[in-house]
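**Q** Once you've had a glance at the structure underneath, I'll fire off some questions.
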Amino acid sequence: MLVTDFRTVISNPITLLYFNGGTLGVYLGVIVASLQIWRKRQRLQLEEQEMLAGSWAIILTQSIYQMLAVLLNDNNTSSEVITLAVLSVVTLLILWKLIAVKQALLLYTLSYLIVAFLQPLGIWQTAVAVSLILLSLGLIIQHERINVGGKK
């Protein structure tokens, strides 16, 4: 809200704790957080196990969020079943069979896009854009780590 509604923040600073600034505020927050992670990536020097755990955390968080969103929102039955089935199968496949972080993130991102197309609002939802930004950041960092750093 500091960027989108400065007058309100000046007159009532406590609003920063309650409001996110709307869709623009969410996008700005995700972009700033992504840039901060990107800027600090060299200093963190994450090892392979840490990258794997972080990627699994991203995938599991996204899966759980999407599954709960499907179950708690009022969607048509076919959309709910397809979303739950695709995300469940992909998440289990990634956790049990894929060890390569880059392939796991790529597979999950592609599956997430397929599921998003089947949602009533399609890919034009704020949650889809935020998820794609974060998943893409993970893919970019992992790609850079493998190709520049020489680690798998």
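**Q** Within the range 1-24, how many residues turn out to be assigned to a loop (DSSP other than H, G, I, E, B), among the hydrophobic types (A, V, I, L, M, F, W, C) and open to solvent by 60 Å² or more (accessible area, probe 1.4 Å)?
**A** 4
**Q** Also, I was wondering about something else. Among the residues of the range 98-109, what is the count of those that are at pLDDT 75 or above and open to solvent by 50 Å² or more (accessible area, probe 1.4 Å)? Talk me through it step by step, then tell me what you get.
**A** Filtering the range 98-109 for residues at pLDDT 75 or above gives 103-109.
Of the ones still in play, those that are also open to solvent by 50 Å² or more (accessible area, probe 1.4 Å) are 103, 106-107.
Adding up the residues that qualify gives 3.
**Q** Is at least one residue of the range 110-118 surrounded by fewer than 19 Cβ atoms within 10 Å (Cβ to Cβ) and either within 15 Å of Ile37 (Cβ to Cβ) or at pLDDT below 80 (or both)?
**A** Scanning the range 110-118 turns up at least one residue that is surrounded by fewer than 19 Cβ atoms within 10 Å (Cβ to Cβ) and either within 15 Å of Ile37 (Cβ to Cβ) or at pLDDT below 80 (or both).
**Q** Take the range 59-73 and flag every residue that is among the β-branched types (Val, Ile, Thr) and open to solvent by less than 60 Å² (accessible area, probe 1.4 Å). Even if it seems obvious, please write down each step before you answer.
**A** Our first condition is that a residue be among the β-branched types (Val, Ile, Thr); within the range 59-73, this holds for 59, 61, 64, 70.
Answer for the range 59-73, where residues must be among the β-branched types (Val, Ile, Thr) and open to solvent by less than 60 Å² (accessible area, probe 1.4 Å): Ile59, Val70.
**Q** Give the number of residues within the range 25-36 that are at pLDDT below 80 and open to solvent by 80 Å² or more (accessible area, probe 1.4 Å).
**A** The number of residues fulfilling the criteria is 0.
**Q** Scan the range 6-31 for residues that are among the aromatic types (Phe, Trp, Tyr) and in contact (Cβ under 8 Å) with a residue 24 or more places away in the chain and jot them down.
**A** Of everything in the range 6-31, just one residue is among the aromatic types (Phe, Trp, Tyr) and in contact (Cβ under 8 Å) with a residue 24 or more places away in the chain, namely Tyr27.
**Q** Report, by residue number, each residue of the range 137-152 that is open to solvent by less than 50 Å² (accessible area, probe 1.4 Å) and either among the hydrophobic types (A, V, I, L, M, F, W, C) or at pLDDT 80 or above (or both).
**A** Listed by number, the residues that qualify are Leu137, Leu139, Ile141.
The values are calculated or read from the model by the stated rules, or taken from the named source; none is laboratory data. Only a predicted model underlies this, so the values are computations on that prediction, with no experimental measurement involved. Using ideal geometry, Cβ is built from the backbone for each residue, glycine included, and neighbour counts are taken over all protein chains shown. Only protein heavy atoms, including side chains, enter the accessible area calculation; ligands, DNA and RNA are left aside. Shrake-Rupley method; radii C 1.70, N 1.55, O 1.52, S 1.80 Å.
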